[in-house]
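First the structure, in the form of structure tokens, and then the observations on it.
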Amino acid sequence: MPKSIMPRFKLMLFYDLTPGNLEEYYQFVMTEMVPAVQDMGLQIFGVYHTVWGNYPHRQAEFVAEDLATIYRMLESAEWHTLERRLQEHTTNYSRKIVRFRSGFQL
């Protein structure tokens, strides 16, 4: 069961899915990436899929209580491997950190 936290910051990942490998993408994200990120102290907050407009197909959000947790994860070798593997399934990848606000944020 995920640890309960008071979210104060959000790590947001934006990307388009590469056609033709959706099954591999879902397998990687659900069985490897999300559990690993949670083990590093962040919690999944939400995933959005864009169906209209000029925005990335996906927006994945992870939350943390403090910036140090996010920066520690982003500097880890494990995160670098996960991020590289995510980029194998995506294009137009970017990320940013924002102060937490409940609901959809850009």
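The values are calculated or read from the model by the stated rules, or taken from the named source; none is laboratory data. All of these numbers come straight from a predicted model, not from anything done at the bench. Cβ: placed from backbone, ideal geometry, glycine included. Neighbour counts: every protein chain shown. Heads up: the accessible areas ignore ligands, DNA and RNA and are worked out on the full protein's heavy atoms, side chains in. Shrake-Rupley method; radii C 1.70, N 1.55, O 1.52, S 1.80 Å.
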Is it fair to say Arg85 is in contact with a Phe, Trp or Tyr (Cβ under 7 Å, 6 or more places away or on another chain), open to solvent by 60 Å² or more (accessible area, probe 1.4 Å), modelled with pLDDT of 95 or more and among the basic types (Lys, Arg)? yes
Could you check the stretch 11-45 and list, in sequence order, the residues that are without any contact (Cβ under 8 Å) to a residue 40 or more places away in the chain and small (Gly, Ala, Ser)? Gly20, Gly41
Show me the strands (runs of 3 or more DSSP E) found entirely inside the chain where at least 3 residues are in contact with a helix residue (DSSP H, G or I) (Cβ under 7 Å, 6 or more places away or on another chain). 9-17
Would you confirm whether or not the stretch 28-39 contains a residue that is open to solvent by less than 80 Å² (accessible area, probe 1.4 Å), aromatic (Phe, Trp, Tyr) and in contact with a strand residue (DSSP E or B) (Cβ under 8 Å, 6 or more places away or on another chain)? no
Run down Thr81, Thr50, Thr91, Thr18 and say which single residue is of a type in the set (S, T, N, Q) and under 14 Å from the mean Cα position of the chain (by Cα). Thr81
Listed residues Val37, Val98; which is under 12 Å from Lys10 (Cα atoms) and under 15 Å from the mean Cα position of the chain (by Cα)? Val98
